[in-house]
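Reviewing the structure listed below.
The values are calculated or read from the model by the stated rules, or taken from the named source; none is laboratory data. In this text, all values refer to a predicted model and were calculated from it rather than measured experimentally. Because the Cβ atoms are built from the backbone with ideal geometry, glycine has one as well, and the counts that use them run over all protein chains shown.
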């Protein structure tokens, strides 16, 4: 009790200095949390992806398509439960700033393969009946104010022309991590339009999504699919959905690495600020510490006082920082719109923030503690700060 | 009367550890600040160098990139006959009909696949890009399954080095040369014969047509002619504009991320400077009283403390900049979201960035030192002298 009182009194002696230090720690903890959340958002697509679904694409690269005829061949392979397919559409909604993923999907089968996209059955039926129908994610609908029955027009970049859609359904995510910012429409609509305007590009599929009869058969089925189409005009590359998504992340890895480094750099900077504060505090109180020593208190006692003070300041900053991280992350997520599939603060981030705060306190108190514990009474009493 | 400068210098020196920690914090902030500016500049320079002002790129209307674009042979022939296009030494029009595709290649260091741009070019391509020079081996022969790789592509992708083989489109392609494109975007590409690549990929269309204008002022005329021709569904852009547009998203991302980080970090550094300066004032109260009693004005005390803070910032700035300048040795390679392909660019330090960085550091120091300096200047002589 007496210890705590002493520590708090000490922490409050230089209110301005302690306040500034706490503020610095709050800023650092919030920044750290935000940067971690950005990195997590980067991986959100891969995190939400399933290991029990396979994605098959053209082995040259994603810009090449696969023939529609593969659909039946894949279905015959042992271990394949269901097959669906999709094309990346890459259309522009009003202006290029409004980015969200759009896919032309095989309407009868696609949503069966994705149980995490929860669509009310009536809406799904409406979507499947309407050639121009579309199903959008809840977050996308909220961002642009899409309602069921609304017409939406997209300007095609890969598939030229203006495309008209009618929203027939809004899906929710089964889990928090599910991407609810996508836009799905009928693959048949795309194909029929291409038949009119660009007959050469008819019956081409961007990726096949393969549902497995058992998750343990992923590697085996993937190898069989690729072997089936080996040496054909369109060889396939099949991998789990998660590996497929991670492929995208690894292409922008340099940026992720940079953000990671920077997120630790901010902790490092604040460590310097905090160490400075503690060093100053101890230097100014050297006479006091010498007095305490003269009264018979040991070096361990002094060390506990200094560590305690650092822990109080850093802990206060960390608490405020973590508390503020949530609303700020939410604002930030809103501002970026549908750029990231999900933007939320993970529990792991909070633990890391706490760990960083503890580390800051320990490192900052280390040298001052050592100095206070080692000072000789005579020298300390002679000290004039 | 002014307080001598040496007083300020010695004060900083007297508190070596505190000064060092504050300067260290500042230096880190400045390092991040200048690194981001250098990265943005590097990206900008790479993209600007890729295009030439005299060249014009024609792609399908509303396609944003060459990969998305389709220009068929008839349209390409119509474009070739445009009068605004310059004539080369052989009397032919200076034009290159190109087909651009993405191919997955593995990175040498991590083994991970990434998208690499493969550009099928015509005979005129090199004449249109004077920055492209073969530095090793030779140019590919038209009609052969040969390719040449840009310098950074050859370094970074498995199979893209000279003498190696790449397999795509059911064919083996031999890398017969490496070209240097003066740190432009072409350095990250692989070039081959357009006709051969079109056959291999079963894609009997071009992606884009690049042409040199006979007179740069004829761009508007050219644009009007091709975009109003009902047989053509294309749009024309100056090559410089085209490549600047291609990197816009990435450039903006770097800029906004960098700006946000710099602001957050500078708050930390300013707080650091403020704590140091407040402590510096507090521990020197009696000294300040003495100075005032000797006849130094409030103004001089204010100036001395501001100078001290500015010096802290300046030192941090110079140290941070010094370390940041070594970043120029590194190259960043990442996917450009818009073209969906790998792009390498390096950190580039310009005098303007150096100036901005030092100004930023100075600003942080002065902002951090302002309030403490005012407190120092406002001390009453009697009270200050009484302080222990």
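Scanning for something within 22 Å of residue A:254 (Cα to Cα), free of Cβ contacts under 8 Å to residues at least 40 places away in the same chain and away from chain A (no Cβ under 14 Å), does region B:137-151 turn up at least one residue? Yes, that holds for at least one residue.
Looking only at residues in region A:256-270 that are facing chain B (nearest Cβ under 7 Å) and in contact (Cβ under 8 Å) with a residue 40 or more places away in the chain, which one is surrounded by the fewest Cβ atoms within 10 Å (Cβ to Cβ)?
First, pick out the residues of region A:256-270 that are facing chain B (nearest Cβ under 7 Å): A:262, A:265-266, A:268-270.
Imposing the further condition that a residue be in contact (Cβ under 8 Å) with a residue 40 or more places away in the chain reduces the set to A:262, A:266, A:269-270.
Numbers: A:262: 20, A:266: 25, A:269: 28, A:270: 31.
Result: A:262.
Checking each residue in region B:1-21 for being part of a helix (DSSP H, G or I) and either within 14 Å of chain A (Cβ to nearest Cβ) or in contact with a strand residue (DSSP E or B) (Cβ under 6 Å, 6 or more places away or on another chain) (or both) picks out B:12, B:14, B:16, B:17, B:18, B:19, B:20, B:21.
When the residues of region A:62-108 are filtered to those that are at negative phi and without any contact (Cβ under 8 Å) to a residue 40 or more places away in the chain, the one that is surrounded by the most Cβ atoms within 10 Å (Cβ to Cβ) is A:63.
For residue A:72, are the conditions met, namely being within 30 Å of residue A:229 (Cα to Cα), outside any loop (DSSP other than H, G, I, E, B) and away from chain B (no Cβ under 13 Å)? First the steps, then the outcome.
Working: within 30 Å of residue A:229 (Cα to Cα): yes; outside any loop (DSSP other than H, G, I, E, B): yes; away from chain B (no Cβ under 13 Å): yes.
Judged against the criteria, residue A:72 is a match.
Just name the residue that is surrounded by the fewest Cβ atoms within 10 Å (Cβ to Cβ) out of those in region B:73-117 that are away from chain A (no Cβ under 14 Å) and part of a strand (DSSP E or B). Only one residue fits best here, namely B:87. Against the criterion of being buried (at least 17 other Cβ atoms within 10 Å of the Cβ), in contact (Cβ under 8 Å) with a residue 24 or more places away in the chain and in a helix (DSSP H, G or I), residue A:345 does not qualify.
Name the residue, out of B:321, B:261, that is within 29 Å of the chain's Cα centre (by Cα) and away from chain A (no Cβ under 11 Å).
On the way: B:261 fails: away from chain A (no Cβ under 11 Å).
Step by step, each of B:321, B:261 is checked, and only B:321 is within 29 Å of the chain's Cα centre (by Cα) and away from chain A (no Cβ under 11 Å).
Test residue A:35 against the stated conditions and say whether it is part of a helix (DSSP H, G or I), within 14 Å of chain B (Cβ to nearest Cβ) and crowded, with 17+ Cβ neighbours inside 10 Å. Don't jump to the end; show me each part of the working.
Working: part of a helix (DSSP H, G or I): yes; within 14 Å of chain B (Cβ to nearest Cβ): yes; crowded, with 17+ Cβ neighbours inside 10 Å: yes.
Yes.
Regarding residue A:247, is this residue under 21 Å from residue A:89 (Cβ atoms) and assigned to a helix (DSSP H, G or I)?
Numbers: under 21 Å from residue A:89 (Cβ atoms): yes; assigned to a helix (DSSP H, G or I): yes.
Yes: the conditions hold for residue A:247.
Evaluating residue B:121 against the criteria (1) surrounded by fewer than 20 Cβ atoms within 10 Å (Cβ to Cβ); (2) under 14 Å from residue B:186 (Cα atoms) leaves one unmet condition, (1).
Filtering region B:165-180 to residues that are surrounded by fewer than 23 Cβ atoms within 10 Å (Cβ to Cβ) and under 22 Å from the mean Cα position of the chain (by Cα) leaves only B:180.
Within the set A:308, A:299, A:247, the sole residue that is surrounded by fewer than 17 Cβ atoms within 10 Å (Cβ to Cβ) and outside the structural domain of residue A:105 (by TED's automatic domain parsing) turns out to be A:299.
Exactly one residue out of B:239, B:248, B:287, B:235 is surrounded by fewer than 22 Cβ atoms within 10 Å (Cβ to Cβ) and in contact with a strand residue (DSSP E or B) (Cβ under 6 Å, 6 or more places away or on another chain), and it is B:239.
In the set A:225, A:209, A:202, A:221, which member is under 24 Å from residue B:169 (Cβ atoms), outside the structural domain of residue A:37 (by TED's automatic domain parsing) and in contact with a strand residue (DSSP E or B) (Cβ under 7 Å, 6 or more places away or on another chain)? Steps first, please.
Working: A:209 fails: under 24 Å from residue B:169 (Cβ atoms); A:202 fails: in contact with a strand residue (DSSP E or B) (Cβ under 7 Å, 6 or more places away or on another chain); A:221 fails: under 24 Å from residue B:169 (Cβ atoms).
When all the criteria are applied, what remains is A:225.
Does residue B:307 meet the test of being outside any strand (DSSP E or B) and crowded, with 20+ Cβ neighbours inside 10 Å? Yes; evaluated as a whole, the condition is true for this residue.
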